[in-house]
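See below for the structure under consideration.
The values are calculated or read from the model by the stated rules, or taken from the named source; none is laboratory data. Since the structure is predicted, the reported quantities are computational estimates derived from the model, not experimental observations. We place every Cβ from the backbone using ideal geometry, glycine too, and count neighbours over all the protein chains shown. For the accessible areas, the whole protein counts, side chains as well, though only heavy atoms, and no ligand, DNA or RNA atoms are used. Shrake-Rupley method; radii C 1.70, N 1.55, O 1.52, S 1.80 Å.
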Amino acid sequence: MRTGSEPVTARSALRLRFWLSVWGFLWSAAGTAAFSLTGHPGWAAAFGALLVIVAIDLSMIVHHLHQGPHYQPGRDVPPYEPVHGQNRPRPRPPAGPHRA
């Protein structure tokens, strides 16, 4: 059900992001090693930079996972209740004949 408060109550799939980051970490580490061993320093540097970025992202994801159910709720945690009474659209005046 769409409530209109999705940006406020949105949650990230941290477990999926964790495994995708692990996959990216493994590939960027393998690319760095492979290009270093074959004598391509430019590509090795590019994969090394990517490895650093993926490692930072992976550490942030692990940090959020360790913060508990506020950031990564399980099936037993219900969704946040939308904020009521704020950001409601103003009622439009009824359409009628225009007076001059």
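Points worth noting:
- Taking residues in region 39-68 that are of a type in the set (Gly, Ala, Ser), and partners anywhere that are open to solvent by 50 Å² or more (accessible area, probe 1.4 Å) and modelled with pLDDT of 95 or more, the pairs with Cβ atoms closer than 7 Å and at least 6 places apart or on different chains are Ala44/Phe35; Ala44/Ser36; Ala55/Phe25.
- Sole residue being modelled with pLDDT of 65 or more, open to solvent by less than 50 Å² (accessible area, probe 1.4 Å) and out of contact with any Lys or Arg (no Cβ under 6 Å at 6 or more places or on another chain), chosen from Leu20, Leu26, Leu58: Leu58
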